[in-house]
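Here is the structure we will look at.
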Amino acid sequence: GTTTVANPGDEGIALNGANGAVTFASIDIDNSSGRGVEIIGATNNVTIGGGSIDDGAAPGGFGVTIQNQAASSTIALTNVNITQNQGFADAFNVQNALGVINVTGGTFTQNGANDVVDIDNGDATITIGAALVNTSTGAAANGIEIDGLTGGSVTFGGNYTSTGVGNAIKIGGITAPAGGSVTFNGAAPASGGGNIVLTNGAAAVNFSSS
């Protein structure tokens, strides 16, 4: 069934610390005052099989944040739609991950004033197959922002439409990656405004889209 959380005063779902395998068949998180889904310190697998996260009118936190994931963990999202409308928080945020993160299907939309996808530091294997839509109103926002990778790989496979006022893609703007690779196999971006800014350091950045 679907795990439904409406109008939470803080996080919609919070998973913190070492864990056994956790599976949600589907989720529906609406109007969260905090983060929609927070996964911090995962040591085992977390699977979300579908659903939606929408901050509605609430000025909440990240739609999804994954922080300090262990190398032993795989986190998978399938056909999850994330819509960020308010405030200065990313739709999909990853910090200091070391494991595997797989996103298949779904759409991540940023209508607020921050990033669609923000990946900071870490040495993970990350695949993002969701469609990305950037209509951010924040001048300092980036549709896709990547900083400080020490290794691993980040691969984008979905279509990407950027009409926001910030950069479409920014890599290494805060901390240049020391290693790893970033690959765009989908459209990057398919249409719209914003620059592609690379201060990529030692990371390999590959565009195979057209």
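The values are calculated or read from the model by the stated rules, or taken from the named source; none is laboratory data. Quantities reported herein were computed from a predicted structural model and do not represent experimental measurements. Here the Cβ is made from the backbone with ideal geometry for all residues, glycine too, and neighbour counts use every protein chain on show. For accessibility, only protein heavy atoms count, side chains too; no ligands or nucleic acids. Shrake-Rupley method; radii C 1.70, N 1.55, O 1.52, S 1.80 Å.
Evaluation of Arg35 against the conditions (1) charged (D, E, K, R); (2) in a loop (DSSP other than H, G, I, E, B); (3) open to solvent by less than 50 Å² (accessible area, probe 1.4 Å) shows that the sole unmet condition is (3).
Scanning the range 132-139 finds no residues that are touching a residue at least 24 places away in the same chain (Cβ under 8 Å), touching a Leu at 6+ places or on another chain (Cβ under 7 Å) and under 22 Å from Val100 (Cα atoms). When the range 65-97 is filtered for residues that are open to solvent by 10 Å² or more (accessible area, probe 1.4 Å) and either touching a Phe, Trp or Tyr at 6+ places or on another chain (Cβ under 9 Å) or at pLDDT below 95 (or both), the ones remaining, listed by number, are Asn81, Thr83, Asn85, Gln86, Gly87, Phe88. Within the range 162-190, the set of residues being open to solvent by 50 Å² or more (accessible area, probe 1.4 Å) and either aromatic (Phe, Trp, Tyr) or not in a loop (DSSP other than H, G, I, E, B) (or both) comprises Lys170 only.
Filter the range 142-154 for residues that are assigned to a strand (DSSP E or B) and within 11 Å of Gly180 (Cβ to Cβ); which is farthest from the chain's Cα centre (by Cα)? Show your work before the answer.
To start, the set of residues in the range 142-154 that are assigned to a strand (DSSP E or B) comprises 142-147, 153-154.
Cutting the leftovers down to within 11 Å of Gly180 (Cβ to Cβ) gives us 146, 153-154.
Working: Ile146: 10, Ser153: 14, Val154: 11 Å.
If we take residues in the range 142-154 being assigned to a strand (DSSP E or B) and within 11 Å of Gly180 (Cβ to Cβ), then Ser153 is farthest from the chain's Cα centre (by Cα).
Residue pairs whose Cβ atoms lie under 6 Å apart, separated by 6 or more positions or on different chains, with the first residue in the range 79-92 and within 16 Å of Asn142 (Cβ to Cβ) and among the polar types (S, T, N, Q) and the second open to solvent by less than 30 Å² (accessible area, probe 1.4 Å) and not in a strand (DSSP E or B), are Gln84/Asp55; Gln84/Gly63; Gln84/Ala91; Gln84/Gly112. Looking for something open to solvent by 30 Å² or more (accessible area, probe 1.4 Å), in a loop (DSSP other than H, G, I, E, B) and closer than 17 Å to Ile82 by Cα - is there at least one such residue anywhere in the range 98-121? Yes, there is a match, as at least one residue in the range 98-121 is open to solvent by 30 Å² or more (accessible area, probe 1.4 Å), in a loop (DSSP other than H, G, I, E, B) and closer than 17 Å to Ile82 by Cα. Scanning the range 51-64 for residues that are surrounded by fewer than 21 Cβ atoms within 10 Å (Cβ to Cβ) and at pLDDT 95 or above yields a single hit, Ser52.
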